[in-house]
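The values are calculated or read from the model by the stated rules, or taken from the named source; none is laboratory data. Everything numeric here is computed off the predicted structure, so don't read it as measured data. Here the Cβ is made from the backbone with ideal geometry for all residues, glycine too, and neighbour counts use every protein chain on show. What goes into the accessible areas is simple: the full protein's heavy atoms, side chains included, and nothing from ligands, DNA or RNA. Shrake-Rupley method; radii C 1.70, N 1.55, O 1.52, S 1.80 Å.
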Amino acid sequence: MPRKRKLLAQLSALQNTSSFPQVNAVEQLNTTPGADPSPKSSKYFVIEKKNSPQLQEDFFNQPCVSLAKSFLGQILVRKLPDGRELWGRIVETEAYLGGEDEASHSKGGKQTQRNAAMFMKPGTLYVYQIYGIYFCMNVSSQGEGAAVLLRSLEPLQGLEAMRELRSASRKAPSRLLKDWQLCNGPSKLCQAFGIDKAFDQRDLTQDDAIWMVPGQDPPGEQDVVATTRIGIGNRGEWAQKPLRFYLRGNRFVSVVDKKVEREMAARGHSPGS
């Protein structure tokens, strides 16, 4: 019973805080048989969906690096055609700054049919295909041609649906994916959330099938690792710029940078301090 009292106390505290979605502690105590199993290590999967404040244009309308950091801890919501909702906490992002950024699809300020979404209003999805079969999802920010790549999510709700979608996109039969394997990479999260080219140029503040809501506990500076981006090849100095951001100590991140984390620890930046 101590655990139940603690959860009820947390619920009471959260109900008095209007800036975040409420948590349904009863869901955590009584899981319906056959219900979708969620990561028991996460306190975020019990966020109550009803009346959750949706992130609006003023949130997305900020500089690219600032937006990439601000995304950490926020919740991406995807409503499938059958009505099921998939929820995932953003734990890893990359910033692509536009014209001057040699690794950006909009380098040199060049606008094409493919990257048009990068030049649209902040909060517009830019979805592109790689290797002819996988998709990656970005969100436009302030700045001409600037956007943030969503790299990894912590699955919160709808994990069985995510497994179904991941399995359907994999050619050969394989073992059951673990929770941390569902969305730990930009193409994996697109598979798990059923995101394809049809989502390109959609508005996160207006769309009925995909949107964002505020996370439960915004991370502090000491919780955010800033390191180099992944898979951008030979882009000179831009390959070395710390434009990838992730939540330190989160097991759903795709790739951790132990060297940078050790340097943070040496400076006394311990997680949660």
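The stretch 152-191: which trypsin sites (Lys or Arg not before Pro) are DSSP loop and have at most 14 other beta-carbon atoms within 10 angstrom? Passing both the DSSP loop test and the Cβ count: Arg170, Lys171, Arg175, Lys178.
Say R0 is 35 Å: what FRET efficiency, to the nearest 0.05, do Glu164 and Ser66 get from their beta-carbon distance? Once the sixth-power term is evaluated, E becomes 0.45.
Got a number for carbon plus sulfur as a percent of the stretch 223-266's accessible area, 1.4 Å probe?
Working: 1140 of 2340 Å².
Roughly 49 percent, rounded to a whole number.
Spin-label model, Gln222/Ala239: points 7 Å from Cα along the beta carbon direction are separated by 3.5 nm.
Can you tell me the dipole magnitude for the stretch 130-273 around its Cα centre, using point charges on the Cβ only (Lys, Arg +1; Asp, Glu -1), in Debye to the nearest 20?
Values: 20 positive and 17 negative charges, 168 e Å.
So the dipole magnitude of the stretch 130-273 works out to roughly 800 debye.
Take the Cβ-Cβ distance between Asp207 and Arg175 as r, set R0 to 51 Å, and report the resulting FRET efficiency rounded to the nearest 0.05. According to the calculation, E is roughly 0.90.
Would you please give the FRET efficiency between Ala116 and Val256, computed as 1/(1 + (r/R0)^6) with r the Cβ-Cβ distance and R0 = 45 Å, to the nearest 0.05?
Working: r = 34 Å, r/R0 = 0.75.
For R0 = 45 Å, the calculated efficiency reads 0.85.
Segment Gln56..Tyr134, full-extension length gain: 25.2 nm, with 0.36 nm per residue of separation and the alpha-carbon distance subtracted. Extension gain, Arg267-Glu144: 0.36 nm per intervening residue step, less the Cα-Cα distance, totals 40.7 nm.
Provide the convex hull volume over Cα atoms per residue for the stretch 108-193, in Å³. Write out the running numbers ahead of the final one.
Values: hull volume 9.0 nm³, N = 86.
About 104 Å³ per residue, rounded to a whole number.
Restricting to DSSP loop positions (anything but H, G, I, E, B) with no more than 14 other Cβ atoms inside 10 Å of their own Cβ, which GluC sites (Glu not before Pro) remain in the stretch 97-204? For GluC sites (Glu not before Pro) across the stretch 97-204 that sit outside H, G, I, E and B with at most 14 neighbouring Cβ atoms in 10 Å, the list reads Glu100, Glu144. Peptide packing for 189-199, 252-262, 59-69 was compared via the average number of neighbouring C-beta atoms within 10 Å per residue; ordered from the highest value, the list is 189-199, 59-69, 252-262. When you filter the chymotrypsin sites (Phe, Trp or Tyr not before Pro) in the stretch 114-143 for DSSP loop state and at most 11 other Cβ atoms inside 10 Å of their Cβ, you are left with Tyr131.
Counting only protein heavy atoms and a 1.4 Å probe, the stretch 220-273 has 57 square angstrom of accessible area per residue.
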